[in-house]
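Notes to accompany the following structure.
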Amino acid sequence: MLKIHNSLKREKQVFSPIEPGKVRMYVCGMTVYDYCHLGHARVMVIFDMVYRWLKASGYDVTYVRNITDIDDKIIKRAIENKETIGQLTERFIGFMNEDADALGVQRPTHEPKATEYVPQMLDMIGLLEKNGLAYKASDGDVNYSVRKFPGYGKLSGKSLDDLRAGERVEVDSAKQDPLDFVLWKHAKEGEPFWASPWGNGRPGWHIECSAMSSQLLGKHFDIHGGGQDLQFPHHENEIAQSEGASGGEFVRYWMHNGFLNIDDAKMSKSLGNFFTIADILQTYDGEVLRFCMLRTHYRSPFNFGDQVLDEARTALRRLYGALDAAADVPMPACIDWNEPRAAAFKAGMDDDFNTPVALAVLFELAGDVHRGRHEDAALLRALG
């Protein structure tokens, strides 16, 4: 019986999909203007693990991970590089896919680009305006009126007075309230734009995910995931937009992976401890990085450094050594989940995707194989 820690309810809950046997899952993806960093690696690896276990558990999974291919940073970088936005984003989508392949990350079912779903975003903004939750400000932007949505703050668990807007608010801001956030940004000279009922402009960041998820998964779906840093304001704003438009529940289970630190310090370019996936792949195999990350529970902070990578590489070699020793042992047609250690592996994974417990079972089996107990080799091969 799979249990998932639901960030919205702040507790583990038995997983019960909306439609029996099927799971619809959305994960916030990358903004493609630069190389993917280790924080991106953790999101990709964690939710690839979730995707794989759901499928192994017999579910028919539709997995959507979006690509943000239009925003301020993308526009700025394209101008600096003297190239088009399309040239910039397609190049870094290619690099992202190379990183994902190196990490053993499967492609999602759908990987929508924000620029392909602008009509759906405009429809949602229009519905929010009709429902009294959006307004056009004097500066030409269309904003969401946060205080008119009664449920705002339920994901972050804070009151409106405790919260801060997701973007810096200028003194002469045209917003009616500092907490209000942008749905549609009016076009500045030289920027790309789309026509809309509110004038030429482009979508705000938050509306992208609401529109793409509802289009591909429906107005109400099972799992929404992402990094803990997205819980507020991004995911809070997604709830406000989606539920404000539909009038019903947006997502049943919210999942957030923990922060990534470098030698006990937050990864930051200013601290000189910022690493891309490509940086790490110059020294370590992608499989080592993936394995290293899965040795920590996804909700726990992950402390990264050379020592943990070296330890992971050594442990992984030991595991492969056992698998090599078991290479001639036939794979079972199916896993007997009643076998004690298979049951222990499954219990770990079903307990909010507890990969450290599941890996401990694999290493117990590997130890037996190294000690000559080849009767455990078939199960090790099947689970490994």
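Figure legend. Inter-residue proximity from the stretch 148-161: first residues outside any loop (DSSP other than H, G, I, E, B), second residues aliphatic (A, V, I, L, M), beta-carbon distance below 9 Å, spacing 6+ or different chains. Indicated pairs: K148/L133. Number of residues in the stretch 294-353 that are assigned to a loop (DSSP other than H, G, I, E, B) and closer than 19 Å to F47 by Cα: the value is 9.
Can you name every residue in the stretch 70-98 that is open to solvent by 10 Å² or more (accessible area, probe 1.4 Å), touching a helix residue (DSSP H, G or I) at 6+ places or on another chain (Cβ under 7 Å) and either touching a residue at least 24 places away in the same chain (Cβ under 8 Å) or part of a loop (DSSP other than H, G, I, E, B) (or both)? Steps first, please.
Let us first name the residues in the stretch 70-98 that are open to solvent by 10 Å² or more (accessible area, probe 1.4 Å), namely 71-73, 75-77, 79-87, 90-95, 97-98.
If we keep only those that are touching a helix residue (DSSP H, G or I) at 6+ places or on another chain (Cβ under 7 Å) as well, we get 71, 75, 77, 81, 84-85.
Selection gives D71, I75, R77, T84, I85.
Counting only residues that are outside any loop (DSSP other than H, G, I, E, B) and open to solvent by less than 60 Å² (accessible area, probe 1.4 Å), how many does the stretch 6-18 have?
Filtering the stretch 6-18 down to residues outside any loop (DSSP other than H, G, I, E, B) leaves 6, 11-14.
Cutting the leftovers down to open to solvent by less than 60 Å² (accessible area, probe 1.4 Å) gives us 6, 13.
Result for the stretch 6-18: 2.
Can you spot a residue in the stretch 121-143 that is open to solvent by 40 Å² or more (accessible area, probe 1.4 Å), within 21 Å of the chain's Cα centre (by Cα) and closer than 30 Å to P178 by Cα? Scanning the stretch 121-143 turns up no residue that is open to solvent by 40 Å² or more (accessible area, probe 1.4 Å), within 21 Å of the chain's Cα centre (by Cα) and closer than 30 Å to P178 by Cα.
Applying the condition of being free of Cβ contacts under 8 Å to residues at least 40 places away in the same chain and closer than 25 Å to Y51 by Cβ to the stretch 107-120 and asking which residue is nearest to the chain's Cα centre (by Cα) yields R107.
Of D69, D60, D48, D99, which residue is within 30 Å of G384 (Cα to Cα), touching a Lys or Arg at 6+ places or on another chain (Cβ under 7 Å) and of a type in the set (D, E)? Of D69, D60, D48, D99, the one residue that is within 30 Å of G384 (Cα to Cα), touching a Lys or Arg at 6+ places or on another chain (Cβ under 7 Å) and of a type in the set (D, E) is D60.
Residue count for the stretch 187-199, restricted to those that are in contact (Cβ under 8 Å) with a residue 12 or more places away in the chain and closer than 16 Å to G126 by Cβ: 5. Only one of the listed residues (G29, G39, G21) is open to solvent by less than 50 Å² (accessible area, probe 1.4 Å) and modelled with pLDDT under 95. That residue is G39. Pairing residues of the stretch 234-253 that are farther than 13 Å from E129 by Cα with residues that are part of a loop (DSSP other than H, G, I, E, B) and of a type in the set (V, I, T), at Cβ distances under 7 Å and at least 6 apart in sequence or on separate chains, gives R252/I18. The set of residues in the stretch 99-110 that are open to solvent by 20 Å² or more (accessible area, probe 1.4 Å) and in contact with a strand residue (DSSP E or B) (Cβ under 6 Å, 6 or more places away or on another chain) comprises T109, H110. Inside the stretch 43-66, residues that are assigned to a helix (DSSP H, G or I), closer than 22 Å to A211 by Cβ and either open to solvent by 40 Å² or more (accessible area, probe 1.4 Å) or among the β-branched types (V, I, T) (or both) make up a count of 1.
Selection over the stretch 111-120 of residues that are open to solvent by 30 Å² or more (accessible area, probe 1.4 Å), outside any loop (DSSP other than H, G, I, E, B) and not hydroxyl-bearing (S, T, Y) gives a count of 4. Only one of the numbered conditions (1) within 21 Å of S214 (Cβ to Cβ); (2) open to solvent by 60 Å² or more (accessible area, probe 1.4 Å); (3) in contact (Cβ under 8 Å) with a residue 40 or more places away in the chain is violated by K3, and that is (1).
The values are calculated or read from the model by the stated rules, or taken from the named source; none is laboratory data. Keep in mind that this is a model prediction, so the values were computed, not measured. Glycine also receives a Cβ, built like all others from the backbone with ideal geometry; neighbour counts cover every protein chain displayed. Each accessible area value is taken on the protein alone, full model and side chains, heavy atoms only, with ligands, DNA and RNA left out. Shrake-Rupley method; radii C 1.70, N 1.55, O 1.52, S 1.80 Å.
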